[in-house]
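Heads up: the structure comes next, in structure tokens.
No value in this document is a laboratory result; all are computed from the given coordinates. Given the structure is predicted, the values throughout are model-derived calculations rather than measurements. A quick note on method: Cβ atoms are made from the backbone with ideal geometry, for glycine too, and the neighbour counts reach across all protein chains shown.
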Amino acid sequence: MLSLTCDGGVMADEGELDLLTKEAVEGNWIDVRVREALGVATVPEEVAKAVNAAMRGMQDRRLSSGEIARLTKEFLGILEARNP
Amino acid sequence: MRIQELSAEWFRGAADTITLSTDNKSVVVYGPNGAGKSTFVDGLEYLLCSGKIAHLGHEYSGRRLENAIINTHCPAGASRRFTVKLDGGFEVAAELAANGAARFLGNDALEGWGKGWSILRQDEVSAFVHSSKGDKYSALLPLLGLEPIENVAANLRSISNRVREEAGLERLRAQLRQLTQEWETAFPGVATASVGGLIKDLHRKYLPEQEVPPTLPETLAALRSSISERIAGLDAEGACHFHLKVAHEADLRSRLSEAAAASDQAAKLAEPLLEERLAILRSAAMFGGKLTDEGLIHCPACGREIDASEFKEHVSLEATRLEGALKAFESRRLAFGRLASALVTAIGALSRKEVAIWRLAPEQEVVFKNLEALLSFDAECLREGAAAPELERLGGNLHPLAAHLEQCVKAVPPSVEQVVTDQKMVNAAASHATRRACASKITMVEDLLAFLGQVEAEVRAEIRQRTEVLIDSISTDLRRMWLLLHPDEAIDEVRLYQPDGNKAIDIALRFHGKNQLSPRLTLSEGHRNSLGLCIFFALAKKGGQNFPLVLDDVVTSFDREHRSFVADLLMQEFPDTQILLLTHDHDWYVELKRRLPGNRWMTKTLLPWSDPATGIRWDGKPHGLGASRVLVEVDTMAAANRARAVMDVEMAVIADRLAIPVPFIRGARNDLRGALDLVQRFRSRAQSRFKKRNTKGNYEGLSDPADLAKAAEDWLVTYGNAGSHGRVLTNLEVGRLIDACDAFLSAFECASCKTTVWHATDTGRTHLRCDCGEIRWNL
């Protein structure tokens, strides 16, 4: 299960983030759309996974500015860790 | 889901508890204007919308609607409450405090029941047709089930904006531009790949006896050290020349000129922008209400009035202009940054002790004065920009100094000039790593933004795709319902569609063979209302089939023919949906009473509302004679007239149910038979067909209904006609008339099971009977 934690982070059970494999993609519209986006704009796989997981957790409401800030830091953090 | 009971207590028009019991059937409630019908609708909306009733939300109703939802004469300590009982034993209630604070009980049972496609009021019938494309989309959003996807799109947009801010994208771009410019100054026309070779050459020149280190940073470090030593080794004159040259290279005049030009350009754009900003503030408040498909609207970007059809293009041009202004401000910031850096470099060089001999020379008094003045400038503050007078003052000191410096550097020997050039190259090469890191970070952030933007675009595509499927499906129902209400009319192909752009839905149709992109172009008010009703029904079919439909006086603007089609539509399209239909239209009520099947529908009548303490009251009899009794004390002629009108209606229904034949009369009179005619025909058949079960279980003839019909007929002839023709009647006379009619109509109701003689549905085609079989009518 993928979800947004109360502090705005993304929580995912192990083994549920294989969104880039075709088998995992077919069932969920978010997976499908993220894969389509990856075909046009390229980012590292970890970022795509994090965005994908966050999208699943943000469907029920508009996020607060704190949650937006935490997700932003998370995405940039992943990228900076890859490009120190 | 079905409503079993709605109860109101000191809520809206209700005083002591008034209950609408449905027996799990659909219900038609008739009541004259103000009788309290809408109290039931308001109560339901209050529960469904957690304490909100749209038409009551205004400045005088109070924050919790307390001034509108509580009966004005509610006694202190009385219970204020609205309750709905549902099938399955669920009960949902709102208990209100005197200040309107509500306590909701059991409202989980209403989960999934949306007000939007379940309750329709008279003034809302054409609201959807008249609303903007955006409002139509918003109205359909919950039904389309797209709110979660809309949330994702909006959240992605917010994250993109935050990424831009958090990463300091504009600052990074400005830094990269400055570093690139320094690089290009140090290595004009040199390919990046060749710079390493140049640095190696420099190393060989300054440190000929040493091996060139294997890495560029090591080479640069060695060169910096060597050049510093070379500068330190210069004689006094050479050192003075070196620093004068450094100060000159800062090119103060060019930097000042750039800053002034950028400042002018930004100022030119800023002045109108400030005015427009004020216009934006003024027009933004009006914008929401003005955004329609037609006419002029205030542009929120510039405040001007723009034709709606040109609005999109106009906004795009305004956006381009504002982006241009932002770029001008960015150039200004960059120019002032470079001016500040140049000033720091020049002043730093000219303040050194090695230059003191030049600075303090007697003939340099003007230079000294200007330099002192420049030293008083806070160069770091200058990075934020400066006003025109301040720039002018700076120029007044800077220009003479720079001009004099230009003369002086002509005496700088080439060997010293070369050291300055070499040092600049080394510094620029050393910043290469920073420049690359900066460019890399910009690329990284831009990639992330591009990805987030693309994902958002994909999410929007998902929304559009799903909307298309759903509105196609709704349109199919809509077309079918429209044809039911408007058969053989030259308005067809009614459908919902998505115009260009996101978050928009509109209605198209074909009018006498011509396609129309809006019903507002050609449809009359009545047709628009009819279309609004069809859309509501189509949405209800899609979203609320499992929930009751509540229709509050929705056919007011329909003519008799179209009202009649509405009944057909309800029976055809919603056979299994419970419907609460409230109307003040007596003719339609009569028609519905006659046409709607008794096994699935019941009818109820409200008495006229008299005062807040009495509240809402049902007419005690299902046939409406209670309203006549209310009138006896007020106006005997009106009471008699009313009783006769009720009998006209009731006898028409009874004759229809009991299949009493009447001879054909040519013309419209065939449909307008009075109560007297039908009562007489009933009497002639009642003796042989109206039966009652005796103690042995056999059916035998029943004389009472015929006798009661005779009595009613007599008083209708005597007092009913008299009332209709203006004769003054006494209370007693009208009382006799009403009693006789009441007794006659009650004869059709079983004393045991309280259902009418035509109530049972499983009797085949030979007879009708009540539920328990105590009374029957042989067909």
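Below are the figures for this structure:
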item	result
Point-charge dipole on Cβ atoms (K/R +1, D/E -1) for chain B, about Cα centre, debye to 20	2080
Positive-end residue, the protein assembly as shown charge dipole about Cα centroid, Cβ charges, pick of B:Ala437, B:Ala747, A:Asn52	B:Ala747
Global geometry of region B:317-394, whether rounded, prolate or oblate, following the gyration tensor of its Cα atoms and the 1.5 cut on a/c	prolate
Expected 222 nm ellipticity per residue - DSSP helices of 4 or more, -39500 (n - 2.57), all of chain B, to 500	-18500 deg cm²/dmol
Charge context of B:Gly116, other residues only, Cβ under 11 angstrom, K/R +1, D/E -1	-1
Inter-part distance where region B:1-71 and region B:603-642 are each reduced to a Cα centre, Å	20
Test item: A:46-54 mean partner chain Cβ contacts at 10 Å	2
Candidate lysines for bridging to B:Lys503, where Cα separation is under 18 Å - those fewer than 8 sequence places away on the same chain excluded	B:Lys133, B:Lys136, B:Lys290, B:Lys312
Over region B:604-734: Rg over Rh, Cα atoms, Kirkwood Rh	1.04
Volume in Å³ per residue [convex hull over Cα atoms, computed for chain B]	257
Lys/Arg +1, Asp/Glu -1 at C-beta; the protein assembly as shown dipole; positive extreme among B:Ile471, B:Asn731, A:Ser65	B:Asn731
For region B:434-589, convex hull of alpha carbons as volume per residue, Å³	156
Alpha-carbon Debye profile of region A:20-81, log10 I(q)/I(0) at 0.13 Å⁻¹	-0.37
Overall form of the protein assembly as shown per C-alpha gyration tensor (a/c, 1.5; a/b vs b/c)	prolate
C-alpha long axis of helix B:236-249 to longest principal axis of chain B, angle in °	30
Separation of alpha-carbon centers, region B:700-757 and region B:404-425, rounded to whole Å	124
Whole-number percent relative contact order across chain B, with pairs defined as alpha carbons under 8 Å at least 6 apart	17
Folded to 0 to 90 degrees: helix B:432-485 orientation relative to chain B principal axis, Cα	20
Out-of-range pairs (alpha-carbon distance over 20 Å; input B:Lys25/B:Lys754; B:Lys604/B:Lys754; B:Lys85/B:Lys604; B:Lys200/B:Lys245; B:Lys245/B:Lys424; A:Lys73/B:Lys327)	B:Lys200/B:Lys245; A:Lys73/B:Lys327
Positive-end residue, the protein assembly as shown charge dipole about Cα centroid, Cβ charges, pick of B:Val28, B:Leu220, B:His130	B:Val28
Principal-axis tilt of helix B:192-206 within chain B, Cα atoms, nearest 10 degrees	30
Inter-part distance where region B:217-267 and region B:510-584 are each reduced to a Cα centre, Å	82
Nearest-20 debye value, the protein assembly as shown charge dipole, Cβ charges on Lys, Arg, Asp, Glu	2220
